[in-house]
Amino acid sequence: MKAAIVSQFKEQLEIKDIPVPKVGPRDVLVKIHACGVCHTDLHACHGDWPVKPKLPLVPGHEGVGEIVEVGSEIHHLSLGDRVGVPWLYSACGQCDYCLEGKETLCMSQQNAGYSVDGSYAEFCLADGEYVVKIPDEVSYVQAAPLFCAGVTTYKALKVAEVKPGQWVAIVGAGGLGHLAIQYAVAMGMNVIAVDTGEDKMALAKKLGAVHCIDFKKDNPSEKIQELVGGVHGVVCTAVSKVAFEESYRSLRRGGTFVLVGLPPEDMPLPIFDTVLNGVKVVGSIVGTRKDLKECLQFAAEGKVKAIIEVKPLEQINEIFADMMEGEITGRIVMDMSS
Ligand code: NAD
Ligand code: ZN
Ligand code: ZN
């Protein structure tokens, strides 16, 4: 099968012919139709984070397609089922976290396109317990970005605990952020979007942001304090330490700062302000299978629609180059059936 492979960190991906993975009793084999390109894939290929991915690696954790083989011990899935293979490739199912329905915190989890091969390929192996079905109303290319960007931001907004009518800031309106704006609007929140460039500002406005702040023109936190007296919640998806510091300063007293983006740097946390202002600082990692099911339902009902550009797998290195320059508006989805 054709796959895009990274063999050395920071080197170009190569399109190679590799064997189709063998299906174990608890696996399914998915013929990939589409796969979104997440900034996490770029971090993986660069070895940006303290925990490194396997090498060589087939990246990709927004892969969607049809099941073409079902392991002998999997009884709830059938050939032809339309599913996605999310970042949470598998978890143990037995630890305290798994038992509490917090499987994304499982210490024994595997991650697609990181600790195991992912969906930048014609076929992807998946754990039968952890694939999630795609509603009929949602096409493959539309579903792909929801399997990471969608579920991650939907979950982050739940964690932010912003109520309908309150203010939320979405800092970074890229692949994740443009979906965060839509989920926030659908959940009844008032949105302030922060990013840069006319295209992203126009898109954020179109998707329902009340205020759009270009961080290259205005100081986002000062502007947010001036406009609404600080936000009740902020979800930062930007790959930038400055963006995290600005997000923190955008909060009103009692507000919640949800950390989602994963720049390789650290951020100093002001103790005095955190205590006096009673703010909450909380990390949020992707979403559970239940979160995914809910997040897909928003798309099935037409409340959320990823803004995508479809490209072939062969263009992955160009796509990464554009991503590094911040030149992508919405999400790039690779059409694997072409
Ligand atoms: P992206 O490149 O599509 O979007 C990032 C956006 O941030 C871009 O639009 C960029 O212009 C903007 N930006 C850069 N500097 C900024 C600043 N100072 N202020 C405001 N915006 C700024 O990337 P993506 O696919 O949306 O992923 C974003 C980050 O989220 C990555 O680090 C990725 O690894 C991480 N991520 C985390 C989770 C999780 O579960 N926590 C899941 C998926 C992705
Ligand atoms: Zn992702
Ligand atoms: Zn577990």
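If you filter region 193-293 for GluC sites (Glu not before Pro), then keep DSSP loop positions with at most 16 other Cβ within 10 Å, what is left?
Values: sites: GLU198, GLU222, GLU226, GLU245, GLU246, GLU265; in loops: GLU265.
Those that pass, being in a loop and sparsely packed, are GLU265.
So which trypsin sites (Lys or Arg not before Pro) in region 165-221 pass both tests, a DSSP loop state and at most 16 other Cβ atoms within 10 Å of the Cβ?
Answer by residue number: LYS216, LYS217.
Add +1 for every Lys or Arg and -1 for every Asp or Glu among the other residues with Cβ under 13 Å from the Cβ of THR329, and state the total.
Neighbourhood net charge equals -3.
Mind running the shape call on region 150-283? Use the C-alpha gyration tensor, a ≥ b ≥ c as the square roots of the eigenvalues: rounded below 1.5 for a/c, prolate if a/b tops b/c, oblate otherwise.
The shape class here is rounded.
To the nearest Å, what is the center-to-center distance of region 183-201 and region 149-169, using C-alpha atoms only?
Rounded to whole Å, the Cα centres lie 12 Å apart.
With Cβ to Cβ distances under 12 Å as the rule, what net charge do the other residues near THR104 carry (K, R +1; D, E -1)?
That works out to +1.
Under the classification rounded if a/c is under 1.5, otherwise prolate if a/b is larger than b/c and oblate if not, where does region 42-159 fall, given a ≥ b ≥ c as square roots of the Cα gyration tensor eigenvalues?
rounded
Once each part is reduced to its C-alpha centroid, what is the distance from region 12-86 to region 226-296 in angstrom?
Using only Cα atoms, the two centres lie 30 Å from each other.
Which of HIS232, ALA4, GLY175 sits farthest toward the positive end of the charge dipole of the chain, with +1 on the Cβ of Lys and Arg and -1 on the Cβ of Asp and Glu?
HIS232
Going by a ≥ b ≥ c, the root eigenvalues of the Cα gyration tensor, does region 234-338 fall in the rounded group (a/c under 1.5), the prolate group (a/b larger than b/c) or the oblate group? Please list the in-between numbers first.
On the way: a/c = 2.96, a/b = 1.63, b/c = 1.82.
In terms of gyration-tensor shape, oblate.
Counting only the backbone N, which residues of region 276-297 are under 18 Å from the spot 7 Å out from the Cα of SER240 toward its beta-carbon?
So the set is empty, nothing qualifies.
Just so you know, all these numbers are worked out from the coordinates, no wet-lab data involved. For clarity, every value in this text was computed on a predicted model and none was experimentally measured. When we count neighbours, we look across all protein chains shown, and the Cβ atoms used for this are built from the backbone with ideal geometry, even at glycine.
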